[in-house]
Amino acid sequence: ARAAAGALTPPLKIKFEYDDEQSAREAVRTLSKQPQTIVVLLAFVNDLPGIFNEADALGLLSGSHAWIGSRSFSPASVNALVDAGRISNTTRDKLEGMLQAGHAPNTESFGLFKQSFARLSPKECEAMDPQLGGMEPSTFADPPENTAYAFDATATVALALREQREGNLT
């Protein structure tokens, strides 16, 4: 309901099997038939050739979709796939500028996040969204390291929403 009120298309999760190129390609074909244009990609390096080659073949890397991924597939990883002949230079070039988000638990960025998170209170969270009410104050004192990965997801969605708000996506 909130997505509709904010003029956002509700999110859709499309799954594929790990290290199965056909499954990854089918997931991209399913994506190509959906109205969503922001793609938050959670995948391993082994899955990237099927995903990006199919997305390129369907024109999904040519500006119609915003792709946001984790740092698990760095430029070095993508270049290694190009060197191995699994992704073309042309497809790789279309990935330049892809938004990435990632904060491992031992990074300075996560340290800053922990400090900001610790300044929140249950009342502030409830004011942002009543569904966040009733949280234990201890939740905010020292967020566990696994929240670094939740931070990744939050940062990724925030980047996508900013791009849409600025008119870069529909």
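The values are calculated or read from the model by the stated rules, or taken from the named source; none is laboratory data. None of these values were measured; they are calculated from a predicted model. Positions of Cβ are backbone-derived with ideal geometry, glycine not excepted, and every protein chain shown enters the neighbour counts. Ligands, DNA and RNA are excluded from the accessible area calculation, which covers all protein heavy atoms including side chains. Shrake-Rupley method; radii C 1.70, N 1.55, O 1.52, S 1.80 Å.
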Calculated FRET value between Leu120 and Thr30, using beta carbons and R₀ = 35 Å, to 0.05: 0.40
Per residue value of the accessible surface for the stretch 9-96 (all protein chains in place, 1.4 Å probe), Å²: 55 Å²
Estimated FRET transfer efficiency when R0 is 25 angstrom, pair Val82-Leu12 (beta carbons, to 0.05): 0.25
Karplus-derived HN-Hα couplings along the stretch 86-99 (A = 6.51, B = -1.76, C = 1.60, θ = phi - 60°), whole Hz, x at Gly and Pro: 8, 9, 7, 4, 4, 5, 4, 4, 6, 8, 4, x, 4, 5
Among 34-44, 88-98, 10-20, the order from most to least packed when residues are scored by Cβ within 10 Å on average: 34-44, 88-98, 10-20
